Every structure is written in C-alpha cells, then in structure tokens.
Amino acid sequence: MATLISAYNPSYSENASILTGNPNRVIVEIEDSIDKGFWEDILKEQCPSKDFHFNPYHTVLDDDDKGNRIKGKTRILKIADQMNDWHIGCIDSDYDWILSDYCDKGKTINDNKYLLQTYAYSFENLVCLSSTLNDFCQETTEESTDVDFNDYVQRVSEVIYPLLIWSVYLYSKGNHDFTPTAWHDVLINTLKDTKASLALIEERVKAKLDELTTSYTSEIAERNNMKESLSKEKGITKENAYLFVRGHELFDHLVNNILKPIIDRLRTQHYRIINESDMDKDALTIALKEYSKKHEPVRDLLYKNYRYKGQTFIYDMICEDVAKIWENNRIII
C-alpha cells in the first residue's frame with residue numbers, strides 16, 4: 001500500500017493526472033482504512049465528477065526519534081503545505097479545531113484548504129449524532145423501541161460538558177492531567193442499562209471534576225473564560241459536547257452498552273414475529289433470508305450511519321471546505 005514515503009506525493013499526483021489525461025484523479029490521504037467510508041461518502045456526494053483514490057496509513061510502522069509510533073495524521077500534516085487539487089488530506093480534528101485560537105497546529109490545519117477535517121473530534125462522533133440513533137435502530141431491526149437514544153446521548157453530553165472544558169483547557173496548556181485518552185476511564189464500562197450507565201458516568205465525572213477544581217483552583221477563572229470563548233466562537237455547548245470528546249470511546253460506549261444489547265433483543269423479537277406469522281414455507285424462507293441481510297454487526301452498521309448530514313452545522317462546514325478546493329463541483333442537497 002502506498003504511503004507518504006512512496007512516489008505518491010502531491011507533485012506526483014498532479015503530474016500523473018496530466019500524463020494520464022485524467023485531471024479528475026485525486027489522491028486522498030486518510031489516517032486509517034476505517035476512515036475511508038466516511039470521507040468517500042461525503043467527497044463523492046459533493047464532487048461526483050472526481051475520481052478519488054484513498055491512501056490510508058494504518059500499515060505505517062515507522063517510529064520517531066524517541067521510539068513513538070508515528071500517527072497517520074502526523075504524516076499527513078508533514079506534507080500538507082505541498083498539497084494541491086490532485087492530492088489532499090482528510091483528518092480527524094481531535095482537539096485541534098477547538099483550540100485553533102490557542103494552538104499553532106489548529107491554525108495550520110484551518111489555514112490549509114487542502115486539509116479537510118471532521119471538526120468533531122473524529123468521524124466516529126458524527127456517526128453517533130444523537131438525533132439519528134432512533135432511526136438507525138429502527139431501520140436496522142424493523143422494530144420500534146421505547147428507548148430514547150437521543151435523550152440518553154443528550155444526558156451524557158450534559159454530564160460530560162464541564163469535564164470537556166477542563167480537558168480542553170488543560171490540553172491547551174500542555175498539561176496531561178486529563179488528556180483525550182482519559183475519556184476511556186469516564187465512558188467505558190460494562191453496564192447494559194441506560195440509567196445505570198449514565199449514573200456511573202456521572203459519578204466518574206463528578207470525582208474527576210472535584211479533583212481538577214481542587215488542583216487548579218487558581219485557574220478556574222481562566223478555564224471559565226475559555227468555556228465562554230468556545231461557546232461563542234465554536235458553538236460548543238452542553239448539548240453537543242459529546243461531539244468533541246474522543247470519538248473512539250464514545251462510539252464503543254454506545255455500541256457495546258446501549259445499541260448492541262437493544263438491537264440484538266429487537267432482532268430476536270422480529271425473527272420470532274416472522275416465524276410465528278401465517279406465511280407459507282417458501283414465503284417464510286424468503287422473509288427470513290431478507291431480514292438476515294440486515295443482521296450485520298452493529299459496529300459495522302454504525303460506522304456507515306451517515307444520517308448526520310443536514311442535521312448538524314458540522315456537515316455544512318465540511319461541505320464548505322470541499323467547495324473551497326473544487327468550486328465548480330459542489331452538490332447542494
């Protein structure tokens with residue numbers, strides 16, 4: 001697989017497009033193969049005339065001088081200033097967009113039109129958009145549920161909001177007391193009940209907030225100023241805070257604790273309804289076969305939950321960024 005070390009660099013991509021007579025050929029650098037579906041969906045939607053080729057970096061095993069594994073995002077940023085209409089990069093924002101007024105990396109990403117970003121922490125956050133999950137569940141199972149996924153995620157968001165502000169504030173200072181990976185200790189648990197899971201998250205958040213406010217009493221005012229700035233400048237509120245925590249943990253929590261147990265139960269229920277129907281044998285066989293096609297792993301299905309489009313300001317921002325690269329190719333939906 002091609003990497004940034006290979007001949008597939010921005011200059012090569014431009015020359016290859018010209019020499020092959022295919023000016024619409026575009027190399028798209030992505031952090032990992034798991035990101036391809038998300039970026040392919042939005043790029044092909046917005047620019048159907050382009051011939052996108054995706055280059056993931058999950059196989060890159062190089063270490064830096066300190067022996068740390070070099071991430072795909074780091075590699076993409078290294079050649080970002082060489083990118084062009086035929087070679088672009090697509091990256092997770094992590095905390096960089098939130099802190100673009102505070103940290104140089106965020107400014108660098110924002111100022112480069114050839115770097116598309118998620119604005120949310122990662123694409124996983126967007127496919128977990130709270131307003132889409134009830135429809136996701138019903139389409140996946142063909143059954144309705146009395147669980148209000150939107151309400152659950154909103155409650156989680158409200159609980160974690162003050163901790164997100166602390167996390168972002170400390171991160172901007174280079175402080176490691178609550179880095180993005182620490183969301184694992186807040187969100188990951190084995191409880192399958194929404195009320196119990198929410199209560200545990202709330203308990204963990206409260207404990208961490210008590211610790212941080214005690215340790216950084218003298219910085220509470222500065223932290224609060226950042227909170228106001230993020231609300232005013234970035235639109236980050238308690239209702240959408242979940243979009244800006246580390247997406248891997250949010251995704252795993254919703255899949256393992258909430259969605260999968262409920263969807264498994266509803267699928268079993270629907271199979272029973274089909275089997276107990278008065279259909280003849282052939283019709284029953286066909287119905288069961290057709291329903292089984294929906295029986296993909298919940299994790300895989302949620303990765304493709306692109307219902308976020310048109311339901312969050314982030315979608316509009318990504319579309320505007322695409323339009324800046326190829327002004328005449330944007331599709332309005």
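The values are calculated or read from the model by the stated rules, or taken from the named source; none is laboratory data. Being a predicted model, the structure only gives us computed values, none of them experimental. Every residue, glycine among them, receives a Cβ derived from its backbone with ideal geometry; neighbour counts consider all protein chains shown. Accessible surface is based on the protein model in full, side chains and every heavy atom, while ligands, DNA and RNA are left aside. Shrake-Rupley method; radii C 1.70, N 1.55, O 1.52, S 1.80 Å.
Please indicate, with yes or no, whether at least one residue in the range 213-236 is under 30 Å from Lys293 (Cα atoms) and at pLDDT 95 or above.
The initial filter retains those residues of the range 213-236 that are under 30 Å from Lys293 (Cα atoms), namely none.
The answer is no, given that none of the residues of the range 213-236 is under 30 Å from Lys293 (Cα atoms) and at pLDDT 95 or above.
Name the residue, out of Gly89, Gly72, that is under 21 Å from the mean Cα position of the chain (by Cα), at pLDDT 95 or above and surrounded by 12 or more Cβ atoms within 10 Å (Cβ to Cβ). Step through it out loud before you land on a result.
On the way: Gly72 fails: at pLDDT 95 or above.
Just one listed residue meets the conditions, Gly89.
Filter the range 35-66 for residues that are open to solvent by 50 Å² or more (accessible area, probe 1.4 Å) and over 21 Å from Arg25 (Cβ atoms); which is modelled with the lowest pLDDT?
Going through the qualifying residues, I end up with Thr59.
Could you grab the pairs with beta carbons closer than 9 Å, sequence gap of 6+ or different chains, first residue in the range 310-322 and farther than 14 Å from Ala120 by Cβ, second one among the polar types (S, T, N, Q) and surrounded by fewer than 18 Cβ atoms within 10 Å (Cβ to Cβ)?
Val322/Asn329
Can you name the condition, by its number, that Val245 falls short on among (1) surrounded by 14 or more Cβ atoms within 10 Å (Cβ to Cβ); (2) under 20 Å from Cys137 (Cα atoms)?
Here Val245 clears every test but (2).
Of all the residues that make up the range 106-127, how many are buried (at least 16 other Cβ atoms within 10 Å of the Cβ) and assigned to a helix (DSSP H, G or I)?
So in the range 106-127, the residues buried (at least 16 other Cβ atoms within 10 Å of the Cβ) come out as 106, 109-110, 112, 114-127.
From the residues that got through so far, the ones that are assigned to a helix (DSSP H, G or I) too are 106, 109-110, 123-127.
Here the count works out to 8.
Residues of the range 159-197 being open to solvent by less than 10 Å² (accessible area, probe 1.4 Å), of a type in the set (Phe, Trp, Tyr) and assigned to a helix (DSSP H, G or I), which ones?
We begin by selecting, within the range 159-197, every residue open to solvent by less than 10 Å² (accessible area, probe 1.4 Å); these are 160, 163-170, 178, 183, 186-187, 197.
Cutting the leftovers down to of a type in the set (Phe, Trp, Tyr) gives us 166, 169, 178, 183.
Those that are open to solvent by less than 10 Å² (accessible area, probe 1.4 Å), of a type in the set (Phe, Trp, Tyr) and assigned to a helix (DSSP H, G or I): Trp166, Tyr169, Trp183.
List, please: which pairs have Cβ atoms under 7 Å, are six or more places apart or on different chains, and start with a residue in the range 265-277 that is at positive phi and open to solvent by less than 50 Å² (accessible area, probe 1.4 Å) and end with one that is part of a helix (DSSP H, G or I) and basic (Lys, Arg)?
none
Considering the range 146-158 alone, what residues qualify as being over 21 Å from the mean Cα position of the chain (by Cα) and open to solvent by less than 40 Å² (accessible area, probe 1.4 Å)?
Here is the first cut: in the range 146-158, the residues over 21 Å from the mean Cα position of the chain (by Cα) are 146-148.
Across the range 146-158, the qualifying residue is only Val147.
Just give me the residues in the range 198-242 being over 22 Å from the mean Cα position of the chain (by Cα), aliphatic (A, V, I, L, M) and open to solvent by 20 Å² or more (accessible area, probe 1.4 Å), in sequence order.
Ala199, Leu200, Ala207, Leu209, Ile220, Ala221
Might you let me know whether the range 269-281 holds any residue that is of a type in the set (Asp, Glu), part of a loop (DSSP other than H, G, I, E, B) and under 24 Å from Thr145 (Cα atoms)?
The answer is yes, given that some residue of the range 269-281 is of a type in the set (Asp, Glu), part of a loop (DSSP other than H, G, I, E, B) and under 24 Å from Thr145 (Cα atoms).
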